[in-house]
Amino acid sequence: MKRLLTFAASAIALAASPLAAQDIAITGATVATGDGSDPIENATVVVRGGRVIAAGAGVQVPAGVPVLDGTGAWVTPGIFASITNIGLEDVAAVSSSNDIDADDSPFSAALDVAPAINPQAQDFSYSRAGGVTRASVTPGAGSSIFAGQGAVIDLGADFDAVREARAFQMVEMGERGARLAGGSRTSSHALLRNALREAADLDEVGRLRTVTDNGRVRSGDDLSIDPRLAGRAEREGDVLLSRFDAAALVPALRGEQQLYIRVERASDILAAIALREEFPSLDMVIVGATEGWMVADQIAASGIPVIAAALRDLPASFEQLAATQSNVGRLVDAGVTVAIAQYDSSGEHPRNLPQMAGNLVSINNVPGHTGLTWGEAFAAITSVPARIAGHANEGVLRNGAHGDLVLWDGDPLEVSSAPIRVWIDGVEQPLENHQTRLRERYRTLDESQLPPAYRR
Amino acid sequence: MDRHNWKGGPAAAFTSIIALALTGCAAASGATGPETTAAPAASDASSEPYASTYERYPGVPTALVGATIYDGAGGRIENGVVLFANGEVVGVGDSNLAIPEGYLEIDGTGRFVTPGIIDIHSHLGDYPSPSVPAHSDGNEATSPTTPEVWAEHSVWPQDPGFSRALANGGITSLQILPGSANLMGGRSVTLKNVPSRTVQGMKFPGAPYSMKMACGENPKRVYGGRGRMPSTRMGNFAVNRETWMEAQAWMERDNPGRDLAMETLAGVLDGEIGIQNHCYRADEMALVLDMADEFGYQVSAFHHAVEAYKIADILAEHDVCAAVWADWYGFKMEAYDAIPENAALLHNAGACVVIHSDDENGIQRLNQEAAKAQADGIRMGFDISDADVIGWITLNAARAMGIDEMTGSLEAGKMADIVLWNGDPLSVYSRPEMVWIDGALMYDMNNPLMRPVSDFELGQPGEGDVK
């Protein structure tokens, strides 16, 4: 209890200084390492210096490491939630608090969520309390197929959330991309190709200028201007992207930054894969892929990973006619790397990822369905999304991985289970938030002495 | 009294609906009950327009044996027996319950039985899949009060969502509500979750109507955005009160003539039509309860009542159900104080809890949502039994919809709306295995032929696939 009170205090202060990493060993728990294997009973996890040093059965706890008896509990890596808006909004419908998309912005690909992310938004603490320790944060497409650049974050209770800024470019193709591009898929494909070529031109110019003396180029206010602006007048009438947007696409074009492409329809998926024939360096991730199961072999052959919704089963649009909850299972069986994410209703928050994964286990018992094994399902919300994001040392319990631990009161995929304690990089996290405070305030409705406003 | 002259209209219509329902059931079940329920207006189509043409499908007398039974009314029986025949539950008991001759015996060992799951808040058919603008039929957002519209006139029976709700959610009955753009959105319709060519073929026989009302942000945003009243919460109440006063005045008039809006409002004031009230905030719910007292009507349930926990005592005292999500939060300002313990706090205070979906995906997992809400309460230290939780998505929903005399629990004489689950329905690892509606098998997970495919899906990618 003393410990809980300590956390409450730190939650309020929100870490003016970073909380310290603690060495810890948890013994006797059921451990799921997140790598796709089955849970291990009566196992041990050891974290030292913010990193996992051992996880499994028969692990010896090094001398000097405090031991927590995990008997009856489960220990897992933290959940890695892909394609979230964590920290970009307080209330979606309160536009002043919502930084997800920018309908009226003059910019598109250049948009970068990193400076907008607010670690004090309640979504941070609610997700953390649900065992989510890492996430990718993605802008929404506002007025262009280019939504902008997403970041990878941790959900620690401090102001140091962004682990990788500009981790990927997000592009909307499919139905929504078509509308944003001017009304049709033909336009979104032309727009995407044109943009990548503009980036290529810019890239080439930039390289040329590195061997060309451009120091003499001056602008009127006597500040040196970007050489890429100079001497390319012949392109001016042919440029659709702002220079800032085109420059932002250069790393994606080179394959130095991932390009996330949202497509749902089977034919759109194939069209996206085909882009790499023209732009071979693209490091592509397919987001959505509702009809992926129909072209699972082609996706597998491309080696492109997929971030898909777990439970779509409605023909919600004409690009999702073949939706089935077996999509993920069939893709995995075909050899595709698949992470679960995507939230189709207001109720499906990142903290409900375990529920989604659990459903993919349950459908294995329904004839005709293809689900996932428990280990596969849990990996699809931990190590797999981390790996897709290029963070292979997150979402997994193995030597050298980040010390992100969740201690659960039961099977983490079961709807009745919840985290008891959460560590990120070995730092134990506060689990208090606006919701837990309201819960305690209204535990009793007795206001005979003073109004509830005095209870805190 | 003039009012009673008028009451010969909708009031009699209501009576005739019940009468038709009872006679319809009797006819369908082959029983030869007394004809006492026949009402003079029963054959008068104008007094009961768009009448239900639903008839139960054939079933065989069935005994579910060996399963754990949640009866929906708070009871749990291990190794139980459920008997049903002719569309009705015949008996529910433990392993000593004798199985009459001629019953098909289904081994439920290791499985669970619940009443059919009921969603009190759905827009299936009115906002069907695919979700394209041509299908957007749920909000008659052209006037802040539209009591004259009926949700059933928007329902597209071919919405593929109905089959998903059946196969994954075990949904046997659901209430389709107009959306929340308007203060008074119109009449709801209660459906049996059976595929049909017509909405009349889905209409739950004998289900009373409700009227949808909406508090708060939506009406004021929709109409305030157009520079007209209401643009504030006080405007919401002013328009509501003016409208109730108009209805009262209309009810006092001699031969007022047909008026669709007033007929619905009068039905509410006469207690024949319930109120399903979209209302998030505790303070607004309390104001609505006062408005209901002012005009003499009863609120059946507050929907999306994310702050119900703050006034659980008041809701219990007024005998009003709160239809809530397990854990939706924060998407709009009036949802900011949503907490996952809402249902549990209500239950603990003795208030009526219903878990609802308002969502074509969520309706497929009401059992899981209820289980989450229960677990959050148990972690608070409350004792909430599994059997009570099943009531949140069965009998309590039926009660707030006015159909609890007919369905919502497994009791002799009630409709045989039954789900056999392949495991504990409060576990994420379980699925409906078989679903009966009025004793007719409508879904069987082991039989691909027992998986309805809507017209829209025929010849399309994924037709007939598991969903």
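The values are calculated or read from the model by the stated rules, or taken from the named source; none is laboratory data. This structure is a prediction, so every number in the text was calculated from the model and none was measured. Every residue, glycine as well, gets a Cβ built from its backbone with ideal geometry; the counts of neighbours run over all protein chains shown.
Taking the listed residues A:Leu405, A:Leu431, A:Leu397, the one that is of a type in the set (A, V, I, L, M, F, W, C) and out of contact with any strand residue (DSSP E or B) (no Cβ under 6 Å at 6 or more places or on another chain) is A:Leu431, with no other qualifying. Taking residues in the stretch A:329-347 that are more than 14 Å from chain B (Cβ to nearest Cβ) and within 24 Å of B:Asp359 (Cβ to Cβ), and partners anywhere that are crowded, with 18+ Cβ neighbours inside 10 Å and of a type in the set (Ser, Thr, Tyr), the pairs with Cβ atoms closer than 7 Å and at least 6 places apart or on different chains are A:Ala339/A:Ser82; A:Ala341/A:Ser82. A:Ser302 falls short on exactly one of the conditions (1) in contact (Cβ under 8 Å) with a residue 60 or more places away in the chain; (2) away from chain B (no Cβ under 12 Å); (3) not aliphatic (A, V, I, L, M), and that condition is (1). Only one entry in B:Asp313, B:Asp293, B:Asp327 is under 21 Å from the mean Cα position of the chain (by Cα) and among the acidic types (Asp, Glu), namely B:Asp327. Selection of the stretch A:404-420 for residues being more than 22 Å from A:Thr373 (Cα to Cα) and surrounded by fewer than 21 Cβ atoms within 10 Å (Cβ to Cβ) yields only A:Ile420. Out of B:Pro452, B:Pro425, one residue alone is part of a loop (DSSP other than H, G, I, E, B), surrounded by fewer than 24 Cβ atoms within 10 Å (Cβ to Cβ) and out of contact with any His (no Cβ under 6 Å at 6 or more places or on another chain). It is B:Pro452.
Can A:Ala272 be described as more than 20 Å from the chain's Cα centre (by Cα), in a helix (DSSP H, G or I) and within 14 Å of chain B (Cβ to nearest Cβ)? No, not satisfied.
When residues of the stretch A:410-430 are filtered for being within 8 Å of another protein chain (Cβ to nearest Cβ) and of a type in the set (D, E, K, R), how many remain?
Taking the stretch A:410-430 as the starting set, the residues that turn out to be within 8 Å of another protein chain (Cβ to nearest Cβ) are A:413-418.
Next, only the ones that are of a type in the set (D, E, K, R) stay: A:414.
Looking only at that region, the number is 1.
Among the residues of the stretch B:335-350, not one is under 21 Å from the mean Cα position of the chain (by Cα) and of a type in the set (Val, Ile, Thr).
State which residue is farthest from the other protein chains (Cβ to nearest Cβ) when the search covers only the stretch B:346-388 and only residues that are of a type in the set (Val, Ile, Thr) and in a helix (DSSP H, G or I).
From the stretch B:346-388, those of a type in the set (Val, Ile, Thr) are B:353-355, B:363, B:378, B:384; that's our starting set.
Checking which are in a helix (DSSP H, G or I) leaves us with B:363, B:378.
On the way: B:Ile363: 10, B:Ile378: 8 Å.
It comes out as B:Ile363.
Kindly establish whether B:Arg56 is touching a helix residue (DSSP H, G or I) at 6+ places or on another chain (Cβ under 8 Å) and modelled with pLDDT of 95 or more. Considered against the rule, which asks whether it is touching a helix residue (DSSP H, G or I) at 6+ places or on another chain (Cβ under 8 Å) and modelled with pLDDT of 95 or more, B:Arg56 comes out as yes. Screening A:Pro115 against (1) within 12 Å of chain B (Cβ to nearest Cβ); (2) assigned to a helix (DSSP H, G or I) leaves a single unmet condition, (1). Taking the stated definitions as given, is A:Ile53 of a type in the set (A, V, I, L, M, F, W, C) and in contact with a helix residue (DSSP H, G or I) (Cβ under 6 Å, 6 or more places away or on another chain)? Against the criterion (of a type in the set (A, V, I, L, M, F, W, C) and in contact with a helix residue (DSSP H, G or I) (Cβ under 6 Å, 6 or more places away or on another chain)), A:Ile53 does not qualify.
Scan the stretch A:363-399 residue by residue and report those that are touching a Lys or Arg at 6+ places or on another chain (Cβ under 6 Å) and either of a type in the set (Gly, Ala, Ser) or buried (at least 24 other Cβ atoms within 10 Å of the Cβ) (or both). First the steps, then the outcome.
Residues of the stretch A:363-399 that are touching a Lys or Arg at 6+ places or on another chain (Cβ under 6 Å), as a first pass: A:366, A:370, A:394.
Of everything in the stretch A:363-399, just one residue is touching a Lys or Arg at 6+ places or on another chain (Cβ under 6 Å) and either of a type in the set (Gly, Ala, Ser) or buried (at least 24 other Cβ atoms within 10 Å of the Cβ) (or both), namely A:Glu394.
None of B:His121, B:His153 is under 30 Å from B:Ser231 (Cα atoms), in contact (Cβ under 8 Å) with a residue 12 or more places away in the chain and in contact with a Leu (Cβ under 9 Å, 6 or more places away or on another chain) except B:His121.
Can you find a residue that is among the small types (Gly, Ala, Ser), more than 10 Å from every other protein chain (Cβ to nearest Cβ) and either assigned to a loop (DSSP other than H, G, I, E, B) or buried (at least 24 other Cβ atoms within 10 Å of the Cβ) (or both) anywhere in the stretch B:319-342? Break it down stepwise before answering.
Pass one, the stretch B:319-342, residues among the small types (Gly, Ala, Ser): B:322-323, B:326, B:330, B:335, B:338.
Then keep just the ones that are more than 10 Å from every other protein chain (Cβ to nearest Cβ); that gives B:322-323.
Now narrow it down to the ones that are either assigned to a loop (DSSP other than H, G, I, E, B) or buried (at least 24 other Cβ atoms within 10 Å of the Cβ) (or both): B:322-323.
Scanning the stretch B:319-342, I find at least one residue that is among the small types (Gly, Ala, Ser), more than 10 Å from every other protein chain (Cβ to nearest Cβ) and either assigned to a loop (DSSP other than H, G, I, E, B) or buried (at least 24 other Cβ atoms within 10 Å of the Cβ) (or both), so the answer is yes.
The number of residues in the stretch A:312-323 that are under 15 Å from A:Val366 (Cβ atoms) and either surrounded by fewer than 24 Cβ atoms within 10 Å (Cβ to Cβ) or more than 7 Å from chain B (Cβ to nearest Cβ) (or both) comes to 0.
The condition (being farther than 30 Å from A:Val250 by Cβ and of a type in the set (Phe, Trp, Tyr)) is satisfied by just one residue among A:Phe279, A:Phe318: A:Phe318.
The single condition from (1) away from every other protein chain (no Cβ under 14 Å); (2) buried (at least 24 other Cβ atoms within 10 Å of the Cβ); (3) in a loop (DSSP other than H, G, I, E, B) that B:Gly391 fails is (3). If you filter the stretch A:435-456 down to residues that are of a type in the set (Ser, Thr, Tyr) and part of a loop (DSSP other than H, G, I, E, B), you find that the one that is farthest from B:Ala351 (Cα to Cα) is A:Ser448.
Taking B:Tyr443 as the residue in question, decide whether it is without any contact (Cβ under 8 Å) to a residue 60 or more places away in the chain and either within 12 Å of chain A (Cβ to nearest Cβ) or in a loop (DSSP other than H, G, I, E, B) (or both). When the stated conditions are applied, B:Tyr443 does not pass them.
Does the stretch A:418-434 include one or more residues that are out of contact with any Phe, Trp or Tyr (no Cβ under 6 Å at 6 or more places or on another chain) and in a helix (DSSP H, G or I)? Yes, the stretch A:418-434 contains a residue that is out of contact with any Phe, Trp or Tyr (no Cβ under 6 Å at 6 or more places or on another chain) and in a helix (DSSP H, G or I). If you go through the stretch B:415-434 and keep only what is within 13 Å of another protein chain (Cβ to nearest Cβ) and within 18 Å of B:Phe162 (Cβ to Cβ), you end up with B:Arg431, B:Pro432, B:Met434.
Sort out which residues of the stretch B:277-287 are more than 21 Å from the chain's Cα centre (by Cα) and among the aliphatic types (A, V, I, L, M), and write them in order of number. Of everything in the stretch B:277-287, those that are more than 21 Å from the chain's Cα centre (by Cα) and among the aliphatic types (A, V, I, L, M) turn out to be B:Ala282, B:Ala286, B:Leu287.
Quick check on the stretch B:126-143. Is at least one of its residues part of a strand (DSSP E or B) and without any contact (Cβ under 8 Å) to a residue 60 or more places away in the chain?
Filtering the stretch B:126-143 down to residues part of a strand (DSSP E or B) leaves none.
So far as the stretch B:126-143 goes, no, none of its residues is part of a strand (DSSP E or B) and without any contact (Cβ under 8 Å) to a residue 60 or more places away in the chain.
Each row is one residue, and each column tells you yes or no for (1) farther than 23 Å from B:Asn396 by Cβ; (2) in contact with a Cys (Cβ under 9 Å, 6 or more places away or on another chain); (3) in a helix (DSSP H, G or I).
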{"residue": "B:Trp244", "(1), (2), (3)": "yes, no, yes"}
{"residue": "B:Trp250", "(1), (2), (3)": "yes, no, yes"}
{"residue": "B:Gly257", "(1), (2), (3)": "yes, no, no"}
{"residue": "B:Met262", "(1), (2), (3)": "yes, no, yes"}
{"residue": "B:Met285", "(1), (2), (3)": "no, yes, yes"}
{"residue": "B:Val306", "(1), (2), (3)": "no, no, no"}
{"residue": "B:Asp313", "(1), (2), (3)": "no, no, yes"}
